[in-house]
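First up is the structure itself, then whatever we jot down about it.
Just so you know, all these numbers are worked out from the coordinates, no wet-lab data involved. A quick note: this is a predicted structure, and the numbers were derived from the prediction, not measured. All Cβ positions, glycine included, derive from the backbone under ideal geometry; neighbour counts span all protein chains shown.
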Amino acid sequence: MNEHDLHIGMRHVWGGEQPFGFNLADAGYHTYIIGKTGSGKTTLLRNLILQLIQQGHGVGLIDPHGDLAEDLLLHIPPQRAEQTVYFHPGDLDHPIGLSRARQSAEGCPKGERSEATSRSDREPPEPGRPTIPDTGCALAGARGVSE
């Protein structure tokens, strides 16, 4: 393992121990973590996320309970504080407006907006390719989105 890998722990091998984890390139793929209550799933996620942050990578977290997100906020390095956004949907005192369609409409040429939506209706997707390649343009072409 090198310094850019994500370390999980140590494994016992003949003659000692070796670091165990996975290659950072593999972290870009889905990871499924399962286990009983109290078996360490949240601790594992916390440690992996902190390693990514310390290595300078961006991280997105959706935490339905909020405990992990709040814990991670306490461990953000000072040099990364300006790059940190914490969004709590239940915080009515500090709401954040999210409009993917509005953002997409600004960067998508008018003709491509409706083309992206209609193309997905008439052409089957190629295997392994997204059904709607530019979801932003498709959203911008959706009925009811103002220009």
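Quick notes
- Contact order relative to length of segment 6-83, as percent, for alpha carbon pairs under 8 angstrom and 6 or more apart: 22
- When the chymotrypsin sites (Phe, Trp or Tyr not before Pro) in segment 1-30 are filtered for DSSP coil states and for at most 10 other beta-carbon atoms within 10 Å of their beta-carbon, the remaining sites are Trp14, Tyr29.
- Cβ-derived FRET efficiency at R0 35 Å, His12 paired with Asp67, nearest 0.05: 0.65
- For Phe20, the residues whose amide H sits under 5 Å from its own are Ile8, Gly9, Met10, Arg11, ignoring neighbours fewer than 5 places away on the same chain, with H placed 1.01 Å from N.
- Net charge contributed by nearby residues that have their C-beta within less than 13 Å of Glu70 (K/R +1, D/E -1): -3
- Converting phi to 3J(HN,Hα) with the Karplus coefficients 6.51, -1.76 and 1.60 and the offset θ = phi - 60°, segment 33-45 yields 10, 10, x, 5, 4, x, 8, x, 4, 5, 5, 4, 4 Hz in sequence order, with x at every glycine or proline.
- Potential lengthening of the chain between Val85 and Glu3 amounts to 26.9 nm, from the contour at 0.36 nm per residue minus the alpha-carbon distance.
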